[in-house]
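Here is the structure we will look at, set down as structure tokens.
The values are calculated or read from the model by the stated rules, or taken from the named source; none is laboratory data. On a predicted model such as this, the values are computed, not experimentally measured, just so you know. Glycine also receives a Cβ, built like all others from the backbone with ideal geometry; neighbour counts cover every protein chain displayed.
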Amino acid sequence: MTSLARPRSRGLRGNEGPFGWLFTLPAILILGTFLVIPILLAVWVSFSNWNGLGPPVGGQAEFVGAANYAEVLTQPGLARRDFGIAIRNNLYYVLFVVPIQTAVALFLAVQVNQKVLKARGFFRTAFYFPSVTSSVAITVVFLYLFGASGVVNGVLNWLRVRGPNWFADPRGVFHIVLSWLGVDSVPSFLAGEGPLGVTWWEWIAGPSVAMTALIALAVFTTSGTFMLLFLAGLQAIGQDIEEAALVDGAGPVRKFFSITLPMLKPTLFTVLTLGLIATWQVFDQIYLTGGGAPAKTTLTPAFLAYSASFESLKWGRGAAISFILFGIIVVLTIFQRWLLRDREGSRRNRRRRARMAQVGAMAAITTGGGHGTGGGAGE
Amino acid sequence: MTTVSPVREAEAPAVPARQKRRLPPKVLIGRIGIHVMLLALAVIYIFPFVVSVASSLKTNAEATQQPLRLIPETLTFAAYERLFTDVPLMKWTFNSALVTICVTLGRVFLGSLAGYALSRLQWRGRAFIFAGIIAVMAVPSVVLLIPRFLILYQLGIYDSYIGMIVPIIVDATTIFIMKNFFESIPESVEEAARIDGAGVFRTFWSVVLPMARPALITVFILSFQGSWNEFAHFIVSRQDPDLHTLTTGVATLVSGQLGSGNQYPIQLAAAVLMTIPVAILFFIFQRHIMSTAEGAEKG
């Protein structure tokens with residue numbers, strides 16, 4: 001700001017204009033070529049019938065209007081059903097992963113932040129380490145852990161429980177619970193068709209047993225990153241908490257819920273937003289566990305977009321699904337921010353949020369992969 | 001319930017330091033409880049990695065039948081040997097290393113340049129470009145998979161190192177982090193350099209950049225880890241088996257022929273090997289990573 005007041009000729013700094021452009025030129029060119037233009041290209045493809053032959057632009061591809069969007073959203077058929085199933089699967093994934101990973105991360109952060117804890121460094125390292133491994137390596141490990149006669153079932157065996165064949169089990173967990181309660185066949189009032197050509201009975205299936213293994217994987221790999229975020233938040237408010245607790249004479253549980261948690265609200269927003277954005281993008285794990293297997297119960301919109309394009313060569317449909325997914329993420333993020341909006345909007349909180357930006361950016365990369373999920377960092 | 005102790009500690013500032021050591025039994029039990037519980041949790045977090053290393057040294061049959069045994073009955077390096085004979089692991093590693101080196105250097109250098117221009121140089125269009133970069137950050141990466149393939153295909157660089165590297169060589173988050181850091185460096189430092197006659201690039205390169213070491217390390221770690229672990233982009237930017245990176249290559253071990261049957265040791269061995277570089281990076285910069293949380297308030 002102060003720079004604006006300086007004389008135009010700026011003897012000391014000279015003319016920096018050309019350098020400004022020169023320094024940002026590589027970034028602008030690359031982001032433009034591989035981000036902005038591709039999105040425009042994909043918008044065109046999502047309204048076309050391009051089948052992968054010849055160039056997408058200037059070839060034989062024809063404009064087909066909103067047909068690709070209609071196929072997955074309104075027209076009865078397999079494409080819409082697959083999309084509906086994928087939305088259902090991902091919805092349950094988000095509903096389970098986001099609260100659990102947030103709660104686990106917060107719990108771990110509060111624990112390892114205690115001054116009386118010995119070997120704090122060791123614990124932080126142990127909880128954070130899974131976050132640095134690649135999705136491929138960790139999925140390979142989980143395929144082994146959750147194998148039919150794997151480690152998890154071995155442990156369950158000790159407890160005299162017969163574990164399922166995790167990654168091959170398509171049963172929805174809510175359906176399983178219902179069958180325990182004696183509901184074995186589809187009740188007539190749920191047999192009807194719900195949104196996107198998926199019956200209500202299928203909508204309420206819950207995550208499949210296979211999906212629960214992927215939910216466990218997500219919690220395992222992201223709780224460490226979010227723990228660091230919460231730890232940053234806790235350290236920023238550390239002094240205030242102690243003082244407030246002293247004045248209050250509050251017990252530990254009350255202290256957490258009435259002092260710590262409200263003060264951590266900005267961090268909580270960031271973690272929830274980043275979690276929401278990342279969980280709607282789950283792709284790698286789905287690819288590695290068989291592309292939606294078993295019985296499409298781990299299919300997600302992100303993978304469906306890929307398989308529609310690269311496997312079925314319905315590029316228009318794949319691009320359309322990508323943009324619908326983009327829309328879902330944007331709408332849900334805005335909705336969540338509105339839901340959790342900071343009513344006080346105090347200056348202090350804003351300052352704290354600015355401080356969190358860098359850590360947020362760091363977490364974005366380690367959780368979501370790629371630059372994209374950094375959305376939460378821009379706040 | 002486990003947060004008993006800090007409160008107690010805060011409540012008792014008047015107690016002389018020496019007497020502090022003798023804790024009431026209730027507090028002591030609480031503290032031991034915390035340690036036991038966290039130790040159990042830490043075991044859960046570490047166990048998958050221990051099991052992976054152990055089972056990668058077993059025979060196929062033993063890995064399937066005795067997943068919980070931590071010391072293999074018949075210790076064998078067969079899985080590791082097969083990775084170098086039956087599978088082009090060296091080629092994958094080379095590709096991964098090449099991509100990682102290029103992407104990391106590119107992100108750190110280009111990100112710093114842009115971050116510097118956006119924070120410290122005065123030029124028209126700066127606010128506009130920065131807004132653009134923020135907007136770009138908001139695009140979820142998975143939405144970009146198909147668009148990225150389309151542009152690579154249209155430009156004719158699908159199935160090439162160029163197509164694998166260049167699209168991810170600039171990263172908006174990196175620019176954002178560097179810009180934030182440069183803003184915290186006092187302007188007087190630059191001005192001193194300018195008085196000495198250094199040009200804009202000289203000032204950036206030999207005066208400001210060395211001061212940005214903490215941010216550079218952060219960006220280096222993130223870029224290295226991000227590109228070494230990258231999977232989705234290499235799925236859509238190539239199909240030539242010669243261009244497999246470790247991530248896409250190891251994926252074929254799971255879904256391809258070697259994924260059939262119970263060939264767990266070779267898959268686990270590959271997972272263990274591909275984790276080593278990021279694990280080393282993590283342990284070298286452990287203090288830096290862990291204190292990013294603490295250092296956040298210092299900027």
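Numbers below:
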| read-out | value |
| --- | --- |
| Checking residue B:97 against (1) farther than 25 Å from residue B:214 by Cβ; (2) modelled with pLDDT under 95, the condition it does not meet | (2) |
| Which listed residue, of B:100, B:93, is assigned to a helix (DSSP H, G or I) and within 13 Å of chain A (Cβ to nearest Cβ) | B:100 |
| All positions within segment B:199-234 that are modelled with pLDDT of 90 or more and in a loop (DSSP other than H, G, I, E, B) | B:212, B:230, B:231 |
| Options B:111, B:33; residue that is modelled with pLDDT under 90 and either surrounded by 16 or more Cβ atoms within 10 Å (Cβ to Cβ) or within 13 Å of chain A (Cβ to nearest Cβ) (or both) | B:33 |
| Residue list for segment B:43-56, restricted to those being buried (at least 19 other Cβ atoms within 10 Å of the Cβ) and over 14 Å from residue A:146 (Cβ atoms) | B:45, B:49, B:54, B:56 |
| Residue in segment A:272-280 that is within 20 Å of residue A:196 (Cβ to Cβ) and modelled with pLDDT of 85 or more present | yes |
| Selected residue (criterion: nearest to the chain's Cα centre (by Cα)) from residues of segment A:117-137 that are under 19 Å from residue B:35 (Cβ atoms), within 7 Å of another protein chain (Cβ to nearest Cβ) and not in a helix (DSSP H, G or I) | A:117 |
| Number of positions in segment B:129-184 that are more than 7 Å from chain A (Cβ to nearest Cβ) and basic (Lys, Arg) | 1 |
| Test for residue A:38: is it at the interface with another protein chain (Cβ under 7 Å from one of its Cβ atoms) and part of a loop (DSSP other than H, G, I, E, B) | no |
| Qualifying positions in segment B:229-288 - closer than 16 Å to residue B:92 by Cα, among the hydroxyl-bearing types (Ser, Thr, Tyr) and more than 9 Å from chain A (Cβ to nearest Cβ) | B:237, B:245, B:252 |
| Qualifying residue in segment A:274-293 (condition: surrounded by fewer than 20 Cβ atoms within 10 Å (Cβ to Cβ) and in contact with an Asp or Glu (Cβ under 9 Å, 6 or more places away or on another chain)) | yes |
| Failed item, numbered, when residue A:233 is tested on (1) out of contact with any Pro (no Cβ under 8 Å at 6 or more places or on another chain); (2) farther than 20 Å from residue A:129 by Cβ; (3) modelled with pLDDT of 85 or more | (1) |
| Criterion violated by residue A:181 - all others in (1) more than 30 Å from residue B:228 (Cβ to Cβ); (2) touching a Gly at 6+ places or on another chain (Cβ under 7 Å) satisfied | (2) |
| Residue ID - farthest from the other protein chains (Cβ to nearest Cβ), chosen from residues in segment A:138-170 that are of a type in the set (Gly, Ala, Ser) and either touching a Gly at 6+ places or on another chain (Cβ under 7 Å) or assigned to a loop (DSSP other than H, G, I, E, B) (or both) | A:163 |
| Residue B:264, sole failed condition from (1) within 25 Å of residue B:168 (Cβ to Cβ); (2) buried (at least 23 other Cβ atoms within 10 Å of the Cβ) | (1) |
| Some residue of segment B:125-140 being over 20 Å from residue A:284 (Cα atoms), touching a residue at least 12 places away in the same chain (Cβ under 8 Å), among the aromatic types (Phe, Trp, Tyr) and surrounded by fewer than 24 Cβ atoms within 10 Å (Cβ to Cβ) | yes |
| Some residue of segment B:60-78 being assigned by TED's automatic domain parsing to the domain that holds residue B:168, crowded, with 19+ Cβ neighbours inside 10 Å and more than 25 Å from the chain's Cα centre (by Cα) | no |
| Residue check, residue B:196 at pLDDT 90 or above and more than 22 Å from the chain's Cα centre (by Cα) | no |
| Any hit, segment A:206-229, residues being in contact (Cβ under 8 Å) with a residue 60 or more places away in the chain and over 26 Å from residue A:134 (Cα atoms) | yes |
| Given (1) part of a helix (DSSP H, G or I); (2) more than 9 Å from chain A (Cβ to nearest Cβ); (3) crowded, with 16+ Cβ neighbours inside 10 Å, index of the condition residue B:192 fails | (3) |
| Pick from segment B:215-228, criterion more than 9 Å from chain A (Cβ to nearest Cβ) and under 18 Å from residue A:225 (Cα atoms), ranking: surrounded by the fewest Cβ atoms within 10 Å (Cβ to Cβ) | B:217 |
| Search result, residues across segment B:53-81 that are within 14 Å of chain A (Cβ to nearest Cβ) and not aliphatic (A, V, I, L, M) | B:55, B:56, B:58, B:60, B:62, B:64, B:65, B:66, B:67, B:69 |
